[in-house]
Every structure is written in structure tokens, then in C-alpha cells.
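Quick notes on the structure that follows.
A short reminder: the numbers here are calculations on the coordinates, not readings from a lab. From a predicted model like this one, the values you see are computed outputs, not experimental measurements. With ideal geometry, Cβ positions are generated from the backbone for all residues, glycine too; neighbour counts draw on all protein chains shown.
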Amino acid sequence: MTLETREKAEFGYERADFEVVRAKLKTLTGINLADSKDSMVYSRLSRRIRALHLKDFSGYLSYLDNHLEEQENFINALTTNLTSFFREHHHFEQLKGYIQSNRRPLKIWCAAASTGEEPYSLAMTAVEAYGRFNIPVEIIASDIDSKVLETASRGIYKIEQVSDMTADFKKRYFHRGKGINAGLVKIVPELKKLLTFKKLNLMDAKYALPEDFDIVFCRNVMIYFDKQTQLAILEKIISHMKPNGLYFAGHSENFSHVSKLLTPLGKTVYKPKGMTQ
């Protein structure tokens, strides 16, 4: 945000305010905000300032210090939730092959569920692998943002979001809205029952999760952490995985600095290294 833009801004906002926001977000979530995110911070936190009837950013930051319940709104406002169904399609093809080769009860953890498109894609992949809905697959979908988890648990999306799927695929996994719900689709209950949604901060000292996941999808999350934080989080995630499991990372993530933890198996797919059950 340029100085001229700041002068025209609805709320007082200085570079010092951005630095405080950045420090608070790092402490609460481990996320590092880039210098270029100052305008994003203004845009998103302005909504909270307006909702709380405050005058400026310094007032909001003081409010945040004195009202711990506001931390959740602060985190929800600043975490990015870009997602879509079957994003990075090759991962789902590899997952389908893994499931077909391991016809046994499986546990899958989607560690950045966002608004639900990714975990529902995992569930659809599992159903396709078996050819039926009644399958021995359990999916836990977590996120730090409580608001997006509410959206995910509802399982309702705009019809444009499934436009790339075949007609048969859409008919199998979605109910099409009618009347006031025209233009929307809803995940079928047979699919939804495979998923459990859970709020979780990857910076927590311990995760209240099973320790025998076969599959972990944690894609395009580590890019927001520095290398030291990445290492700490990966150590905790891997401690919840089986030795023969698979860890799926995002296309822009590089784990060469954590080679002691993960062995690459292909395009952004890894196996835990040196783990024992």
C-alpha cells in the first residue's frame, strides 16, 4: 500500500502496524507474511475493524491483545484458502493406485482442508478405487481456519466449481440444487460420512490425531513457514504416519533440507524415512 493510498484509506495504517500483524501471525501460526502482503493485510483486517466499530489499526491491535477470543478471527482473516477439486490431478491418480494395491483399512489425513474441495476429492478417489461407497477408508480433514471448516462440513458449492467433472461423476457425488438452491451442488451423504473435520493448528506442540496414517496430504502449506518451522512441523506430522505411508506435498514445495525425514518417490510425493511403528 503506497503512502498516497494510505492517506485515502478508511483506517489509519502504517508500516509499523503491518510489522506488528506479521509478528503476531508468526507467533500464533508460524506463518511468515511476505513484505508484499501489506495491502492484503489492510483489506482483510479492515473488515474486522469495521465489524468491531474501531477507528484504526493501532486500536485493533490493542483490542487483539486484550481480547483473546479475537485471535481466531485474526487468524481466519489472514490465512489463505486457495483450493479446487482435484487440484494437481496426478496426485489423485497416484493415490488411487495406492488404494487399489492396499485393500485394507486406510487412514488419510488432509492437513489443510480449507473449504473442503481437497478432502472431498480424496474421498471420491477412494470410492472410485473400490467402486463403491462402503469402504474401509477414514479421512480426517483439518485446518486452522474455523470458518472454512464450516463451509467444508456443509459440502455445498457453486455448480461452476464442478464444471470439469463428467456428468456421471457429478451425478454420483453431488445433489443438484433446485429452486432457491439453483446453481449449487451438495456432496452426497454417502461420501460425506467418510470424512471427519477437525480444527488444528500445525504449530501446536501435539496433535490430537491417530498415529497410524497411511496417507498425508499437506500441500502448499509449508511455503508459508521458514525452514526451521518446516522441519519441526514435518517431524510431528511424520510421527503420525506409518513407515510405508505416502506424504503428498505441493508443487512449489522443496524438501531437500529435510532429507533425513523424507525420501522422494516421484513428483512431490515422499515416504517417511527412518520411522518405526
Subject >> Per-selection metrics, segment 3-78 (Cα): Rg and Dmax in Å >> reply: 11.5, 34
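Which value in deg cm²/dmol, rounded to the nearest 500, describes the helix-derived mean residue ellipticity at 222 nm for the chain, given -39,500 (n - 2.57) per DSSP H run of n ≥ 4 and division by the residue count?
My calculation for the chain gives -12000 deg cm²/dmol from helical runs alone.
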**OP:** For each pair in 55/158; 158/206; 186/267; 158/192, compute the distance between the two Cα atoms and list the pairs where it is over 29 Å.
**Re:** 55/158; 158/206; 186/267
Original post:
What's the FRET efficiency of residue 206 with residue 16 using the Cβ-Cβ distance as r and R₀ = 51 Å, to the nearest 0.05?
Top reply: 0.90
Subject >> For 41, 216, order by how many other beta-carbon atoms lie within 10 Å, fewest first >> reply: 41, 216
Original post:
Leaving out same-chain residues fewer than 8 places away, which lysines sit with a Cα under 16 Å from that of residue 26?
Top reply: 37, 227
Original post:
Considering the Cα trace of segment 129-178, what is its radius of gyration and what is Dmax, both in angstroms?
Top reply: 13.5, 34
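Ranked highest first by the average count of other Cβ atoms within 10 Å around their residues, in what order do 242-253, 178-189, 44-55 fall?
Top to bottom by mean Cβ count within 10 Å: 242-253, 44-55, 178-189.
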Subject >> 17 Å Cα-Cα reach of residue 147 towards lysines, excluding residues that sit fewer than 8 places from it in its own chain >> reply: 198, 199
Subject >> ³J(HN,Hα), Karplus 6.51/-1.76/1.60, whole Hz, each residue of segment 256-262, x for Gly, Pro >> reply: 4, 7, 10, 4, 6, 9, 10
Original post:
For the chain, what relative contact order do you get, as a whole percent, if you take Cα pairs closer than 8 Å and at least 6 residues apart?
Top reply: 16
Original post:
Where q = 0.21 Å⁻¹, what log10 of I(q)/I(0) comes from the Debye formula for segment 141-241, counting one point per Cα?
Top reply: -1.12
**OP:** Please report how far the C-alpha centroid of segment 75-132 lies from that of segment 230-277, rounded to the nearest whole angstrom.
**Re:** 17
**OP:** Straight distance only, please: which aspartates and glutamates reach the Cα of residue 242 with their own Cα at less than 19 Å, same-chain residues fewer than 8 apart left out?
**Re:** 138, 211, 212, 214
Original post:
How much net charge surrounds residue 153 when only other residues with a Cβ under 15 Å from its Cβ are counted (Lys, Arg +1; Asp, Glu -1)?
Top reply: +2
**OP:** Quick one: Debye curve from the alpha-carbon atoms of the chain only, equal weights, vacuum; give me log10 I(q)/I(0) at q = 0.07 Å⁻¹ to two decimals.
**Re:** -0.30
